[in-house]
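What follows is a set of notes on a single structure, which appears directly below.
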Amino acid sequence: MGSLDLLSEAIIETLKEFSSEKRALTVFSLRRALSARKELSHLFRDSDPDRNHEAGTVEFTDGSTSPLKTLARVSLRNDKNSQKFDFSLFRKIRGTLQQILTELEPISRDESLTRLSEVERYIQACHALDALADHDEDIVGTVKMTVDKAVEQINAAHDFLAELSEDLMSMEKQLFSYQTENRETFKLQGQFCDNLLTHTAEMHQAVSSSRGIEDTRNFIASKLSLIGKAIEMKQMEDETRLQQADSRIAELQLNMRCYNEQILKVTERANALEKEALLDSLMEIHNRRAYDIEIRECLRNFHKQGKIFSLLLIDVDHFKSINDKYGHRAGDKCLQEIAKIVGASLRKTDFLARYGGEELVAILPGSTSADARNIAEKIRGRIDKTRFYYQEEVIPLTISLGVTEVAPEDTEPEMPFVRVDEAMYQAKKGGRNKVCVI
């Protein structure tokens with residue numbers, strides 16, 4: 001077995017070990033794993049790092065003689081099986097990273113969202129594992145910052161809820177106090193009535209007794225004086241209690257208005273955050289999360305009520321070269337204009353979302369694949385005829401589109417998407433600026 005075959009087989013086996021053991025794959029971990037394989041020891045020992053190698057050989061870039069440090073890049077251009085495995089693994093890793101960043105978008109704000117977009121561009125522009133590894137620190141740092149910001153927001157929400165809970169407990173104490181005072185007032189009212197009844201009974205007894213008229217008159221007068229003073233005192237106490245009750249009720253009403261205003265603000269903010277969580281900040285259309293929710297609902301309606309729909313997957317041709325030549329700012333402007341054109345070409349009942357990078361996905365309710373193909377051709381033609389200018393320079397822009405119709409065997413959202421994704425790639429392979437239906 002030749003050196004290249006031996007090296008290729010070792011790399012494949014090493015990558016399989018990484019995948020089965022779910023170990024982190026970086027340039028350094030791969031280099032360490034390869035250098036530890038005994039069957040490659042003679043390759044590192046006999047290699048000349050200063051020698052120029054032809055395609056299909058091991059290339060060393062750092063000039064050191066240590067096996068751990070010399071293997072910097074392996075060219076597998078002559079081994080088709082290895083290249084196929086490597087590209088498949090790379091696409092899987094890149095897709096996983098993109099999915100992670102997409103899932104983080106709803107909890108991202110301001111600086112975090114900007115950094116997520118930048119890292120997403122980096123990942124989209126990568127076409128090899130070592131290129132992804134070069135951005136590992138950026139990816140980890142961005143994820144950490146986004147999570148830290150989200151934790152801060154959660155803590156802020158927790159603090160608000162704790163404060164609101166304390167306020168509600170205070171209100172509960174106030175209400176309990178009012179209840180106690182009402183019971184005390186009822187008790188005093190009963191005592192006052194008992195006193196009046198007692199005085200009245202005594203006067204009745206005095207009238208009925210054998211006392212003289214003068215004694216009876218004096219006795220009744222004294223009792224009436226006591227009753228009058230008691231009524232006057234009762235009126236003063238009632239007025240004081242009424243004023244206190246009015247003051248406390250006004251305070252409680254004020255607190256209730258404040259709490260209602262706070263709850264209203266929190267509700268409005270929550271609704272705004274929910275809306276933001278389903279929108280793509282760059283294109284101002286729905287994002288991947290919104291698509292995942294919508295496609296599940298469409299599938300449920302299809303299997304329950306027979307409501308058909310079709311999918312369109314749109315990908316900008318040669319978008320990486322546009323970013324490389326004109327810059328990411330120009331690329332972002334192009335994506336924004338494409339989103340506007342596509343959105344204007346769809347019906348109000350259709351659903352448009354940014355799936356990731358320069359890919360857009362549309363759900364067309366009630367449309368067959370033939371209907372969807374016509375719409376896709378209309379969109380493709382409009383983009384093809386549109387001239388995109390950046391700093392007075394025309395940017396050549398076309399799109400490739402995949403089309404598929406929901407099928408009875410589609411039980412999971414991934415199933416129709418796999419078909420539309422394959423259709424889009426066939427459009428790419430067919431020369432781009434095309435529509436392909438599966």
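Values in this text are rule-based calculations from the coordinates and carry no lab data. Keep in mind the model is a prediction, meaning the values are calculated, not measured. Backbone-built Cβ (ideal geometry, glycine too); neighbour counts: all protein chains shown.
Among the listed pairs 304/340; 378/428; 333/434; 173/275; 325/434, give every one whose C-alpha distance is greater than 29 Å.
Exceeds cut-off: 304/340; 173/275.
Got a sec? How would 242, 89 order by Cβ neighbour count within 10 Å, fewest to most?
On the way: 242 10, 89 17.
By the 10 Å Cβ count, ascending, the order reads 242, 89.
Tell me, 199, 127 in order of fewest to most beta-carbon neighbours within 10 Å? Write down the numbers at each step before the final one.
Numbers: 199 17, 127 12.
The most exposed by this proxy come first: 127, 199.
Can you give the FRET efficiency for residue 233 and residue 166, using 1/(1 + (r/R0)^6), R0 = 51 Å, r = Cβ-Cβ distance, to the nearest 0.05?
Details: r = 40 Å, r/R0 = 0.78.
Rounded to the nearest 0.05, the efficiency is 0.80.
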